[in-house]
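The values are calculated or read from the model by the stated rules, or taken from the named source; none is laboratory data. All of these numbers come straight from a predicted model, not from anything done at the bench. Every residue, glycine among them, receives a Cβ derived from its backbone with ideal geometry; neighbour counts consider all protein chains shown.
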Amino acid sequence: MAVQVVQRRLWVWIFAFIALGFPAVFLRFSGVHIDPLLAALIYGLGIVGGAFLLSWAAEVAQMDVSASLALAVLALIAILPEYAIETVLALDAGSSFDVVTREITPEMARVAANVTGANRLLIGLGWSAVILIFWLKRRRTLDMRGFMTLEMPMLAIATMATLLIFIMKEVHIVLAVGLIALFIYYLWASSRRESEEPELVGAAALLGELKTWQRRTWVISLFVYAAAIILVAAEPFVEGLIETGTELGIDEFLLIQWLAPLASESPEIIIAVLFALRANPVAGLTALISAEVNQLTLLIGSMVLIFSGSAGQALSFPIDQRQATEFLLMTAMSTFAIILIAPRLISWRAGVVLLTLFIAHLFFPNPAHRMIFAYIFFGLSIVLVAMNWRRLKHIFGSGFE
């Protein structure tokens, strides 16, 4: 009886998140005009609902493909909301760009704001949440030795590549193509790894218990429905944020950098937290790191191609000093995080450090202060390597001595 009650509650949650998309669809196609803040909230909730549905469907899909590939695809699908928002921003950026004057427009600044904020959010909030929740639940060090042997090297390579963005003050189109190629290699390498039965929790477990044809029908239906909701809501959500910032006098760069990723990334972080609560932090942290790989490769690469398509010709994506600083800070934070967890023995202190530095830098939006934080992250990385140079070796290994 208790099992049936739990199942009913889970079905309620599934249909509740399906229903979150209805107001967004109605508002988009009804022609009704409401306060931009309320509109952003409605569209944001639609994106959140769609992201949860995508995450559950992608988890269940692990039952039909190899586990490593499933985690990579899960991470890719889970950040579809982020891709949808970034696509809208990149299209606006391309249409606003004058190839003659080459002046960097506010629309272009939003693209950089979104991608850098999303990546730092995954590390500062997502990684730290999984690490700390596991420690609070188990009171022991998180041992991930032998895991993430593909994800960690790929993240390290992608992170090093993003340093070129700061150096060149642009995302060069050759770099963009290279990052996309790196992502394709990552998917190929993932598909060649051994498969294993996934550990499903919550709504995903409920769907996984269905008969094969029912399970696959639900998975495909949720993929299609959630993707449609996200595509419908992405553009007006961004517009609502921009209008809200204008009305309230809030820097739209910061709104796009943090509020948009919060809507698109929060379900993914919550799914990772659920893994940690169910004593499977390895899957949670691996999924977040895989998402980070996706964003540093495919997301950054595709934004340049979409920008070029919107502008009408093949172009690199130029950035100004503020945006370059944000990319440098993103690279520095990722570098520090990788070196910090490289040995795969991750204590609660690592989670506290990541969370503390992430929260601290939010209060210093000035580019000069952001540059200081970038130096701090790079400096801490050097200290970690000086204390134990094997951390560099562990990045490209399994974590075992």
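Can you say whether GLN323 is modelled with pLDDT under 95 and part of a helix (DSSP H, G or I), as far as the supplied structure shows?
So GLN323 passes the test.
Taking the range 65-81 on its own, how many of its residues are at pLDDT 65 or above and assigned to a loop (DSSP other than H, G, I, E, B)?
Adding up the residues that qualify gives 1.
Within the range 347-401, work out how many residues are in a helix (DSSP H, G or I) and within 25 Å of GLU252 (Cα to Cα).
16
How many of the residues in the range 259-268 are surrounded by fewer than 24 Cβ atoms within 10 Å (Cβ to Cβ) and either among the small types (Gly, Ala, Ser) or under 12 Å from the mean Cα position of the chain (by Cα) (or both)?
Qualifying residue count, the range 259-268: 3.
Mind telling me which of the residues ILE319, ILE300 ends up being surrounded by 23 or more Cβ atoms within 10 Å (Cβ to Cβ) and β-branched (Val, Ile, Thr)?
Testing whether each residue is surrounded by 23 or more Cβ atoms within 10 Å (Cβ to Cβ) and β-branched (Val, Ile, Thr) leaves just ILE300.
Which pairs do you get when a residue that is closer than 14 Å to LEU200 by Cβ, found in the range 51-68, comes within reach of a residue that is in a helix (DSSP H, G or I) and at pLDDT below 75, reach meaning Cβ atoms under 6 angstrom, with the pair 6+ apart or on two chains?
Hits for this filter: SER55/ALA78; SER55/PRO267; SER55/ILE271; ALA58/LEU74; ALA58/ILE77; GLN62/ALA70.
Report the residue count in the range 213-226 for those that are among the small types (Gly, Ala, Ser) and surrounded by 18 or more Cβ atoms within 10 Å (Cβ to Cβ).
Final tally of qualifying residues: 1.
Would you mind stating whether ILE306 is in contact (Cβ under 8 Å) with a residue 40 or more places away in the chain, of a type in the set (Val, Ile, Thr), touching a Lys or Arg at 6+ places or on another chain (Cβ under 6 Å) and assigned to a helix (DSSP H, G or I)?
no
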